[in-house]
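Read the structure below first, then the notes.
The values are calculated or read from the model by the stated rules, or taken from the named source; none is laboratory data. All figures in this text were calculated on a predicted structure; none of them were measured in a lab. We place every Cβ from the backbone using ideal geometry, glycine too, and count neighbours over all the protein chains shown.
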Amino acid sequence: MSAGAFAITIALTFLGLLAITFFIGRIIPIDPVLAVVGDRAPQEVYERVRVEMGLDRPLIMQFVSYVGDVLTGNLGTSVTTGRPVASDLARVFPATLEMATLGIIIGVVLGVPMGVVAAARRGSLTDQAIRVVGLLGYSVPAFWLGLIGLLLFYARLQWVSGPGRLDIFYDGLVPTVTGLMLVDSIIAGDWTVFWNAVSHLVLPASILGFFSLAYIARMTRSFMLDQLSQEYVITARVKGVPERQVIWRHAFRPIRVPLITVIGLSYAGLLEGSVMIETVFSWPGIGNYLTSALLNADMNAVLGATLVIGAVFIAINKISDVLYRVLDPRAR
């Protein structure tokens, strides 16, 4: 695919995302005008605000204006905070990015070896144990696991800090540069704040990593089982190649390409699916922001957060495609 075709594909995908978010905002049975003026406002005030918001114009004209506003970075003003939605999202998204990034690192570092070992020892007790872990990752509710984690590791054992991103005492001590607390504290050279941030981050990130681990381990096991049954692997074993080399050099290399897609989708899923974890841990991220916006019928904030999450999916998917072509010359 040429660079021009690649750019057109991204543009059309993003346009489709804009259309979906726009029309969802019009279908949802929430009146954005009432969210601004309240349900006790006089009819003339209601009509005036409706005209100011452009809701009296034809739907296609509203969509064109919406696309223009988004392309210029204008996502409207949040009814809840009174600030531009774009600035709110720029403030809360790094917290979600930090937690999801650590979660996917945990998922990859543990999930890939677990999947490989499970496939190499198919039918063994180790394989069964890893499959049970994967099943738990699919079936255990996130909010329940978060509450149990807080009860055990924070309230009882006191191994980690509680909800929030920092203790109140450390809040505001480190200047915001990237929005990533670990990075900003390192830049500032404040290791006390750094370790306090780690203490708050490790539990929610580990829970997200557990769900990511379950998916990655399951898919890795499936890919490896397919490769281990191939003729070239059987031939390598017949020739006396050590089993470790057969697994990691012959069978694992071909699955790196599909694993990139799996990891990318898992990462995007963590960024989007951290709503429950952020709610349980009072984490000031985009999931918590979206939940608050939904409860307050703040449609500008809801659509803005949805748009950002969708854009992240598109970006990660396209990055996965690029890496796919880099690692597999046949895909070029």
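Exactly one residue out of Gly137, Gly146, Gly164 is assigned by TED's automatic domain parsing to the domain that holds Val198, within 20 Å of the chain's Cα centre (by Cα) and either of a type in the set (A, V, I, L, M, F, W, C) or under 24 Å from Thr192 (Cβ atoms) (or both): that is Gly164. For Val193, only one of the following conditions fails: (1) touching a residue at least 24 places away in the same chain (Cβ under 8 Å); (2) assigned to a loop (DSSP other than H, G, I, E, B). What is its number? Every listed condition holds for Val193 apart from (2).
Residues that are polar (S, T, N, Q) and over 30 Å from Pro163 (Cβ atoms) were ranked within region 198-246; the one that is nearest to the chain's Cα centre (by Cα) is Thr220.
Going through (1) over 23 Å from the mean Cα position of the chain (by Cα); (2) surrounded by 14 or more Cβ atoms within 10 Å (Cβ to Cβ); (3) not in a loop (DSSP other than H, G, I, E, B) one by one, Val51 falls short only on (2).
For region 215-248, filtered to residues that are among the hydroxyl-bearing types (Ser, Thr, Tyr) and out of contact with any Ser or Thr (no Cβ under 6 Å at 6 or more places or on another chain), the residue that is farthest from Leu265 (Cα to Cα) is Thr235. Counting only residues that are within 34 Å of the chain's Cα centre (by Cα) and either modelled with pLDDT of 80 or more or surrounded by fewer than 13 Cβ atoms within 10 Å (Cβ to Cβ) (or both), region 27-48 holds 3 of them. Within region 201-241, the set of residues being outside any helix (DSSP H, G or I) and either touching a helix residue (DSSP H, G or I) at 6+ places or on another chain (Cβ under 8 Å) or at negative phi (or both) comprises Ser229, Gln230, Lys239, Val241. Reported count of residues in region 242-261, each being within 18 Å of Val117 (Cα to Cα) and either of a type in the set (Val, Ile, Thr) or part of a loop (DSSP other than H, G, I, E, B) (or both), is 4. The residues of region 71-105 that are surrounded by fewer than 22 Cβ atoms within 10 Å (Cβ to Cβ), of a type in the set (Ser, Thr, Tyr) and modelled with pLDDT under 90, listed by number, are Thr72, Thr77, Thr80, Thr81. Within region 100-128, take every residue that is of a type in the set (S, T, N, Q) and assigned to a helix (DSSP H, G or I) and give me the one that is nearest to Ser206 (Cα to Cα). Filtering first and then ranking leaves Thr101.
Scanning region 154-186 for residues that are in a helix (DSSP H, G or I) and aromatic (Phe, Trp, Tyr) yields Tyr154, Phe169, Tyr170. Checked against (1) under 23 Å from Asn317 (Cβ atoms); (2) assigned by TED's automatic domain parsing to the domain that holds Ser266, Thr21 passes all but a single condition, namely (2). Of all the residues in region 139-162, those that are crowded, with 16+ Cβ neighbours inside 10 Å, out of contact with any His (no Cβ under 6 Å at 6 or more places or on another chain) and not aromatic (Phe, Trp, Tyr) number 6.
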